[in-house]
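A quick write-up on the structure given underneath.
The values are calculated or read from the model by the stated rules, or taken from the named source; none is laboratory data. The shown structure was predicted, so the numbers you read here are calculated from the model rather than taken from an experiment. Using ideal geometry, Cβ is built from the backbone for each residue, glycine included, and neighbour counts are taken over all protein chains shown.
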Amino acid sequence: MDPSEYFILVLFIALGVFSIVAAIFNFDWYFKTSGAMTFVNWLGRGGARIFYALLGAGLVTCGALGLAYW
């Protein structure tokens, strides 16, 4: 595997962890960005937190599986 592929998979894991942490600690600045506000408007703040926690878990899973099986 090329170093760039390792970088992308580790980036997936890091962004996933960041998304989970932001959802758990309910960072106000994170949920007031334009991208997150779309989901806050659709799902409410609690729903957006659940969505971003699940998104983060998916990113961590994809990154970890990529590192394990690529």
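Scanning region 21-70 for residues that are over 15 Å from the mean Cα position of the chain (by Cα), assigned to a helix (DSSP H, G or I) and aromatic (F, W, Y) returns W29, W42, Y69. Taking residues in region 9-27 that are more than 27 Å from W70 (Cβ to Cβ), and partners anywhere that are surrounded by 19 or more Cβ atoms within 10 Å (Cβ to Cβ), the pairs with Cβ atoms closer than 6 Å and at least 6 places apart or on different chains are A23/R49; A23/Y52. State whether the residues of region 22-31 include one that is in contact with a Leu (Cβ under 9 Å, 6 or more places away or on another chain) and modelled with pLDDT of 95 or more. Yes: one or more hits.
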